[in-house]
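The values are calculated or read from the model by the stated rules, or taken from the named source; none is laboratory data. This structure is a prediction, so every number in the text was calculated from the model and none was measured. Here the Cβ positions follow ideal geometry from the backbone for every residue, glycine too, while neighbour counts run over all protein chains shown. Just so you know, the surface numbers come from the protein's heavy atoms only, side chains and all, with ligands and any DNA or RNA stripped out. Shrake-Rupley method; radii C 1.70, N 1.55, O 1.52, S 1.80 Å.
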Amino acid sequence: VKMPPLRRRQVTIPLVLLFLMIEPISSLSISSAPSPPSSKILLLGASGFVGQEIVKQAKDRSNIELICTSTSGKDGTVAIDLTSPDAEEKVARLAKGCAGVISTVGSLSGTSLDREINAGTAAAARGAFSAGIERFVTIGNNPRVRRLSKSVAFLNDYATGKEESERVIRELFGAKACIVQPTFVYGGDEFGVSPPRVASSVGRLAEEVLGLYPLQALSRALPDSLGVPLEAPTSVESVASACLNVGLGFCEGYDVLDSKDAIAMAATSHRPRGCINEDECSIEEEEETQRRRDEIQRMLTNPVDSDGSHDPIALMEELELLRPSSTKPAYDESLNSRWSFVLSKSDVGTDILKQLQTEEGFSPLQLVFAVRDVYMKISQEQRLVEIVLESRVLGADVDVTLSTSLMPMSYDDENDGVLFVERFEGVRLGGIELPLPNSWRGSRYLEITYLDGTMMIARGNSGEPHFLLRGE
């Protein structure tokens, strides 16, 4: 069963809880399908910002063959000008035998050339279609950015050219076309003006801060001219990875990636998957596997005791591969329990939360707002989730509880029982139900990728795993 992303508004769970700044736990990154028959991709615009990152990632994955083009033909690329009369024929010839075509071609110069260059991707789409290519991926804009661009004189040609090419792509490829629509893409080590570019050091901070739910809600409430600058940017690494995964067929059902979260989900679709089949393991193998599970738990729970060389994300991904095949969280009563978050990662939200936690030591922030505990309770036969924030506000104990409901889903036999659809139900402050706007009541995916008697891994909004320990 193909599982396209839900189209409803997403609610960032812990951030609703008095702006608790930790990445949400309840969002799905759709898992990868088996490798396609062909891992060859035709990349148009390989010398550009996103194109160069796609080339880098393809080399890192080692099993992807790229045919790279650029307008100049430099650095080993094939020279193609998509505005030339023979562009369609050239693309058709190069695309034969490819799993998909990715176009990162674009121009933002503020001149009339923008329309001609951006509309040129239509010729590439016609060439790919005539070569029998199934999937075509291109870079567009978030709908709000597109509307704003159409209203600004020097950006109008840019937006119009994008619209013209996207219309042709949709007509030819239908649901097999994918338009990646970021708001603003950051990356690299340098800043730029034409085109505008923000370095990773600043962009990553902007993504974390502007991704906080209060700012997301404010952005949506404002008109485009004021709201778009408050939209969280997306890293070039995430955009490039999403393009590759969709182009290779790792994640079906994506005809548009119109938000940072949707791009992040597609970007993580190639991650390794698997589980341990206990019936095929010897006693010695099972004992060794269990020893490794215990070792990973120790390193994640007590990172100070390790030598500091272990990446928490890599450890959690390894643990996911050690999930027993018989474990189906959606049908497993052991999921019903209290689960405590282990703050093993280091990002802006997690670091602020650590400063607010009383058990982490004293911080001046705790004089106003202190966190005693953050945990998740699952009950009612794996159907109800409560995220509980035990806090102290100006010396008074205040508990905030966010409730969601769960419905199990299935997308393949091996991973049956791992996937849920989660629906936001409400928030209680000190036991009192808070009135919330309907726009906050949305649904999204939750994926529990590991579960045993003591620990759990759940995939978060950026596709990164989160580690939880069973409480008393």
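Computed packing ranks the peptides 125-136, 218-229 as 125-136, 218-229, most packed first, by mean other Cβ atoms within 10 Å.
Close amide H pairs (under 5 Å, H built 1.01 Å from N) link ARG135 with VAL101, residues at least 5 positions away or on another chain. Each residue of the range 314-325 was assigned a 3J(HN,Hα) from its phi angle through the Karplus curve 6.51 cos²θ - 1.76 cosθ + 1.60 (θ = phi - 60°); the sequence is 4, 5, 5, 5, 5, 5, 4, 6, 9, 5, x, 4 Hz, with glycine and proline shown as x. When the alpha carbon gyration tensor of the range 32-124 is reduced to an equivalent ellipsoid, its three semi-axes come out at 24, 15, 12 angstrom, largest first.
Between VAL393 and LEU434, the contour length at 0.36 nm per residue exceeds the alpha carbon distance by 13.0 nm. For ARG167, ARG470, the ranking by accessible surface with the largest value first comes to ARG167, ARG470, using a 1.4 Å probe.
Per residue, the range 119-239 exposes an accessible area of 43 Å² to a 1.4 Å probe, with every protein chain left in place. Pairs from the table (LYS176/LYS260; LYS260/LYS377; LYS56/LYS328; LYS56/LYS96; LYS74/LYS260; LYS56/LYS260) lying more than 26 angstrom apart at Cα are LYS260/LYS377; LYS56/LYS328; LYS74/LYS260. When ARG293, ARG197, ARG115 are compared by accessible area at a 1.4 angstrom probe, the order from most to least is ARG115, ARG197, ARG293. Share of carbon and sulfur in the accessible area of the range 137-249 stands at 62%, probe radius 1.4 Å. Remark: C-alpha extents of the range 93-179 on the principal axes read 41, 23, 17 Å, sorted largest to smallest.
If the chain linking GLU89 and SER325 were pulled fully straight, counting 0.36 nm for each residue of separation and taking away their Cα-Cα distance, it would gain 80.1 nm.
I need the calculated FRET efficiency for the pair MET407 and SER112, taking r as the beta carbon distance and R₀ as 56 Å, to the nearest 0.05. The formula returns an efficiency of 0.60 here.
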